[in-house]
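Engineer: Have a look at this one before I ask anything.
The values are calculated or read from the model by the stated rules, or taken from the named source; none is laboratory data. Predicted model, so just to flag it, every value in this text is computed and none were measured. Note: ideal-geometry Cβ built from the backbone for every residue, glycine included; neighbour counts use all protein chains shown. What goes into the accessible areas is simple: the full protein's heavy atoms, side chains included, and nothing from ligands, DNA or RNA. Shrake-Rupley method; radii C 1.70, N 1.55, O 1.52, S 1.80 Å.
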Amino acid sequence: LFLFQNESLSIMLNKRADLSTQNYRDGFEIAKPSILSLKERAEHVGAELVIIIIPLMEQLYTELEPEATEEKTFWPNKVLMDFCEENKIKCHDTTQEFKKFSGEQIYFTYDGHFNKKGYALLAEFVQNYLESENLAG
């Protein structure tokens with residue numbers, strides 16, 4: 001773990017975060033049937049399953065971690081997006097939208113959860129996505 005701090009950002013990151021390990025791969029295999037079951041249940045009641053991918057701190061602040069590679073850091077996003085496409089599930093990865101704010105404090109310093117600003121941005125991004133897909137009522 002290491003702490004990065006400047007005038008606008010104070011963040012504790014897991015140095016060498018590797019989201020492509022076998023544990024993550026096995027976990028995704030276990031999750032697939034549940035996701036498909038959710039899709040089926042949504043369709044059964046006339047709804048549509050929508051998955052929103054929210055970046056981890058380690059994914060958002062990659063410029064602070066020189067060892068972060070595309071494969072290690074973004075493996076889950078790509079695999080989930082591919083799975084959604086194969087199974088005709090609406091899925092939106094908000095990582096690029098959040099990247100525009102990677103110099104700002106949108107997570108708590110020592111906790112992987114969004115702060116007030118992070119949640120406000122997430123709400124805005126989800127609303128924009130739902131409207132663009134004609135899913136907002």
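Residues are listed down the side, and each one gets a yes or a no for (1) over 30 Å from residue 102 (Cα atoms); (2) touching a Ser or Thr at 6+ places or on another chain (Cβ under 7 Å):
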| position | (1), (2) |
| --- | --- |
| 29 | yes, no |
| 42 | yes, no |
| 48 | yes, no |
| 51 | no, no |
| 61 | no, yes |
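Engineer: Does residue 103 count as at pLDDT 95 or above and either closer than 21 Å to residue 12 by Cβ or in a loop (DSSP other than H, G, I, E, B) (or both)? Show your work before the answer.
Structural biologist: Numbers: at pLDDT 95 or above: no; either closer than 21 Å to residue 12 by Cβ or in a loop (DSSP other than H, G, I, E, B) (or both): yes.
It is false that residue 103 is at pLDDT 95 or above and either closer than 21 Å to residue 12 by Cβ or in a loop (DSSP other than H, G, I, E, B) (or both).
Engineer: Only residues that are open to solvent by less than 40 Å² (accessible area, probe 1.4 Å) and not in a strand (DSSP E or B): list them for the stretch 1-38, please.
Structural biologist: Here is the first cut: in the stretch 1-38, the residues open to solvent by less than 40 Å² (accessible area, probe 1.4 Å) are 9-11, 13, 17, 19-20, 27-28, 31, 35.
Selection gives 9, 17, 19, 20, 27, 28, 31, 35.
Engineer: Six or more apart or on different chains, Cβ under 6 Å: which pairs go from a residue in the stretch 32-47 that's within 15 Å of residue 135 (Cα to Cα) to one that's of a type in the set (A, V, I, L, M)? Could you list them?
Structural biologist: 42/49
Engineer: Now, a different point. Any idea how many residues of the stretch 104-124 are open to solvent by less than 50 Å² (accessible area, probe 1.4 Å) and either out of contact with any helix residue (DSSP H, G or I) (no Cβ under 9 Å at 6 or more places or on another chain) or under 22 Å from residue 42 (Cα atoms) (or both)?
Structural biologist: Result for the stretch 104-124: 2.
Engineer: Which of the following residues is more than 16 Å from the chain's Cα centre (by Cα), at pLDDT 95 or above, not aromatic (Phe, Trp, Tyr) and not in a loop (DSSP other than H, G, I, E, B): 97, 85? Quick ask: steps written out before the conclusion?
Structural biologist: On the way: 97 fails: more than 16 Å from the chain's Cα centre (by Cα).
Step by step, each of 97, 85 is checked, and only 85 is more than 16 Å from the chain's Cα centre (by Cα), at pLDDT 95 or above, not aromatic (Phe, Trp, Tyr) and not in a loop (DSSP other than H, G, I, E, B).
Engineer: If you don't mind, there's one more thing I want to ask. Any residue that is more than 11 Å from the chain's Cα centre (by Cα), surrounded by 14 or more Cβ atoms within 10 Å (Cβ to Cβ), modelled with pLDDT of 95 or more and among the aromatic types (Phe, Trp, Tyr) - is there at least one of those in the stretch 54-66?
Structural biologist: no
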